[in-house]
Amino acid sequence: MNINQLLHVPYNVLILIGQCDSAILRVVARPKSQHEKVLSNLFGYVGIEAVLDQMRRKTMKAGFEFNIMVVGQSGLGKSTLVNTLFKSKVSRKSCTPNYEEQISKTVHLQSVSHIIEEKGVKMKLTVIDTPGFGDQINNENCWEPIVQYVNEQYEKYLKEELNVNRKKRIPDSRVHGCVYFLPATGHWLRPIDVEFMRRLGKIVSIVPVIAKADTLTLEERLEFKQRIRQDLQANGIRVYPQKEYDEDAEDRILNDKIRENIPFAVVGTDKEHQVNGNKVLGRKTKWGIIEVENVAHCEFAHLRDLLIRSHLQDLKDVTHNIHYETYRVKRLNESNANGLALSPLTLENGTLEKSDAESHL
């Protein structure tokens, strides 16, 4: 059920949004019209609010999936930051990948999946890494394998949806968010950064970060962030969270604060140090300890809150209701023009359709 369909459902009907693997099943109500009356003075307790407990129990029992992609050239600390985010060894360098496929001569895509459990809530986390991206002398079209991967996951989900005897719970391998690592040059965005984010921002939610931000002074960091925001605006690059997706005034206030901090200047580490008698995650330098979760030192905490604590479900919703829906409508329109069956998935440079025997994705 999409957003337009939801608008035709009576406001007093509770709707479970998203797939059954959603982290938090959201209760959505269509805004009441002038002729609809809110009944708040009930004769007694009805128990409507108990549905929240039902939803929570169902979600905790089923668990949910979250797929995050990290993109950036080698040496920017992608694996370390991912491990820091989830307080565990979840990066591809920490374990054996689920698959490793060389899609082009330079760029590989590797994924690693883990089941993470915290306070009874289970999450299947998949980290997709792109080693080789941006590492060559000639990086022309190095983003194409990544565009291909994102679209193939949409295609896989679409085919499952269209099956007559489809699974009760469709496995979700769609990319819910992409963290793009920018080197701390202190200058402007590089052409490869502009082109990648311009293309990928149309099909997936992108969150840019300044990697190894401790190599910049506070003044250099502020100036660099301002230049990046100017570049993003000048090139029409859409990064998450987009203003047009704010659902109400409360969302807008929260997201405006996030947008003011983008790109996040981050530092990652998995080492603990003693600071004033307390153990903290930090990096030891000759000037002292950089506390990773101290917002006075870096903006890692802002990134963590966005990806996990405040916007994880929204990232999944935007993926399903915006990016995947756009892809789905486009593909179905193509199939209507060509016949009943879906035509092969293609890009500008040719077909991307693979047989099951050839594809490892």
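Below is a table of values for the structure above.
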read-out	value
Number of the exception - D248 against (1) farther than 20 Å from M197 by Cβ; (2) touching a helix residue (DSSP H, G or I) at 6+ places or on another chain (Cβ under 9 Å); (3) exposed (fewer than 14 other Cβ atoms within 10 Å of the Cβ)	(2)
Residue that is surrounded by the fewest Cβ atoms within 10 Å (Cβ to Cβ) [pool: residues in region 161-183 that are among the charged types (D, E, K, R) and farther than 26 Å from L307 by Cβ]	K168
Unmet criterion (only one of (1) under 28 Å from R174 (Cα atoms); (2) in contact with a helix residue (DSSP H, G or I) (Cβ under 9 Å, 6 or more places away or on another chain)) for E334	(2)
Count - residues of region 118-131 that are surrounded by fewer than 21 Cβ atoms within 10 Å (Cβ to Cβ) and either free of Cβ contacts under 8 Å to residues at least 40 places away in the same chain or of a type in the set (V, I, T) (or both)	4
Search result, residues across region 34-72 that are part of a loop (DSSP other than H, G, I, E, B) and under 21 Å from V90 (Cβ atoms)	G63, G72
Residue in region 264-285 that is touching a helix residue (DSSP H, G or I) at 6+ places or on another chain (Cβ under 7 Å), closer than 18 Å to L312 by Cα, buried (at least 18 other Cβ atoms within 10 Å of the Cβ) and modelled with pLDDT of 95 or more present	yes
Which numbered condition D256 fails, given (1) farther than 27 Å from E223 by Cβ; (2) at pLDDT 90 or above; (3) loosely packed, with under 15 Cβ neighbours inside 10 Å	(1)
Contacts under 6 angstrom Cβ, first residue in region 53-70 being under 24 Å from G177 (Cα atoms), partner acidic (D, E) and surrounded by fewer than 21 Cβ atoms within 10 Å (Cβ to Cβ), 6 or more apart	F64/D21; E65/D21
D193 vs. criteria in contact with a strand residue (DSSP E or B) (Cβ under 8 Å, 6 or more places away or on another chain) and without any contact (Cβ under 8 Å) to a residue 40 or more places away in the chain	yes
Flag if A50 is modelled with pLDDT of 90 or more and not basic (K, R)	yes
Among the residues listed as K243, K225, K212, the single one being under 22 Å from D305 (Cβ atoms), touching a residue at least 12 places away in the same chain (Cβ under 8 Å) and touching a Leu at 6+ places or on another chain (Cβ under 7 Å)	K212
Test: residue in region 297-320 that is surrounded by 13 or more Cβ atoms within 10 Å (Cβ to Cβ) and part of a strand (DSSP E or B)	no
Residue check for K156: basic (K, R) and modelled with pLDDT under 95	no
Flag if M55 is at pLDDT 85 or above and surrounded by 11 or more Cβ atoms within 10 Å (Cβ to Cβ)	yes
Boolean, V150 is part of a loop (DSSP other than H, G, I, E, B) and either crowded, with 18+ Cβ neighbours inside 10 Å or out of contact with any Pro (no Cβ under 9 Å at 6 or more places or on another chain) (or both)	no
Test for K330: is it under 30 Å from K202 (Cβ atoms) and surrounded by fewer than 12 Cβ atoms within 10 Å (Cβ to Cβ)	yes
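The values are calculated or read from the model by the stated rules, or taken from the named source; none is laboratory data. In this text the structure is predicted, and so the values were computed from the model without any measurement. Positions of Cβ are backbone-derived with ideal geometry, glycine not excepted, and every protein chain shown enters the neighbour counts.
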